[in-house]
């Protein structure tokens, strides 16, 4: 029997990883109901570790490290324990909320794609977005809909569209680091050395459609999760608005962010909307 103290410390480690890497997601998680927070911290901590392997561990055997991470993840889930505290908290979330292995495998495959694939066609682009973002959203939806498979099935497609919107905004926000530093181009057929207004507008129309489809799903969530997810939605919508106002040539050399003051204002607006039934 595992000591309860180790479970507590492992979950705390996942929380530290989350707050250390993303103030925005941390803020969103804190607006979730208390019962949802540990599992969402656990999921984000797991995702963050894998992302670090492929995005920052240059000069090391990244593929071997990712393979070992995949194996460690599988063993942690099947055995119900891991000496890696972040994987230990993740396996707890997976086993407690019956998170599908297909989501986890799809996510790890997308991470593997980042190690060898610099450009994408439409099929690999869709596959990458599904694994890197939509599948993560579905992991979280399992937590939010625990014990209610009908609601999960009903909200599955909007959850995918929300993850897709978030990831495409990330692609635009991170052009400088992805394209300039890592030579990655996620959008099919786009050459950022000749990024046109028409190409940017087409991408933005696709993202806007994803946001629109996702909103109805957010409204279908329970009170314990709706506010936090809507806050993340509002944050990314604000980022997207800044990107849309920026010409293509300027997007490439800039990383967009929302100020802490703006994040606080968004939080207040979301709370008011939630309390007054306007979400």
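The values are calculated or read from the model by the stated rules, or taken from the named source; none is laboratory data. Source: prediction; values computed, not measured. For neighbour counting, all protein chains shown are included, and Cβ atoms are generated from backbone atoms with ideal geometry for every residue, glycine included.
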Tally up the residues in the stretch 145-184 that are in a helix (DSSP H, G or I), within 18 Å of the chain's Cα centre (by Cα) and either within 18 Å of residue 204 (Cβ to Cβ) or modelled with pLDDT under 95 (or both), please. 16
Go through the stretch 207-223 residue by residue and tally those that are in contact (Cβ under 8 Å) with a residue 60 or more places away in the chain, more than 16 Å from the chain's Cα centre (by Cα) and assigned to a helix (DSSP H, G or I). 3
Of the conditions (1) touching a residue at least 12 places away in the same chain (Cβ under 8 Å); (2) surrounded by 15 or more Cβ atoms within 10 Å (Cβ to Cβ), residue 118 fails just one. Which one is it? (2)
Test residue 187 against the criterion of being in a helix (DSSP H, G or I) and surrounded by 16 or more Cβ atoms within 10 Å (Cβ to Cβ), and give yes or no. no
It is to be established whether one or more residues within the stretch 228-237 are out of contact with any helix residue (DSSP H, G or I) (no Cβ under 7 Å at 6 or more places or on another chain) and within 17 Å of residue 28 (Cα to Cα). no
Filter result for the condition that a residue is in contact with a helix residue (DSSP H, G or I) (Cβ under 7 Å, 6 or more places away or on another chain), part of a helix (DSSP H, G or I) and surrounded by 14 or more Cβ atoms within 10 Å (Cβ to Cβ), over 263, 273: 263
If you go through the stretch 74-87 one residue at a time, do you hit one that is under 18 Å from the mean Cα position of the chain (by Cα), at pLDDT 95 or above, assigned to a helix (DSSP H, G or I) and over 22 Å from residue 186 (Cβ atoms)? yes
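To keep it simple, each residue is scored yes or no on (1) part of a helix (DSSP H, G or I); (2) in contact with a helix residue (DSSP H, G or I) (Cβ under 7 Å, 6 or more places away or on another chain); (3) modelled with pLDDT of 95 or more; (4) over 23 Å from residue 132 (Cβ atoms).
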| position | (1), (2), (3), (4) |
| --- | --- |
| 10 | yes, yes, yes, yes |
| 26 | yes, yes, no, no |
| 47 | yes, yes, yes, no |
| 90 | yes, yes, yes, no |
Taking residue 142, is it touching a residue at least 24 places away in the same chain (Cβ under 8 Å) and more than 17 Å from the chain's Cα centre (by Cα)? no
When both residues are 6+ apart or on different chains and their Cβ atoms are under 6 Å apart, which pairs have a first residue that lies in the stretch 187-206 and is touching a residue at least 60 places away in the same chain (Cβ under 8 Å) and on the phi < 0 side of the Ramachandran plot, and a second that is assigned to a loop (DSSP other than H, G, I, E, B) and surrounded by 13 or more Cβ atoms within 10 Å (Cβ to Cβ)? 188/120; 192/252
A careful count of residues in the stretch 31-68 that are in contact (Cβ under 8 Å) with a residue 24 or more places away in the chain and either farther than 30 Å from residue 272 by Cβ or surrounded by 14 or more Cβ atoms within 10 Å (Cβ to Cβ) (or both) gives 24
Can residue 99 be described as in a loop (DSSP other than H, G, I, E, B), within 28 Å of residue 169 (Cα to Cα) and touching a helix residue (DSSP H, G or I) at 6+ places or on another chain (Cβ under 6 Å)? yes
On the basis of being part of a helix (DSSP H, G or I) and modelled with pLDDT under 95, does residue 255 make the cut? no
Which listed residue, of 255, 244, 226, is within 25 Å of residue 110 (Cβ to Cβ) and in contact (Cβ under 8 Å) with a residue 40 or more places away in the chain: 255
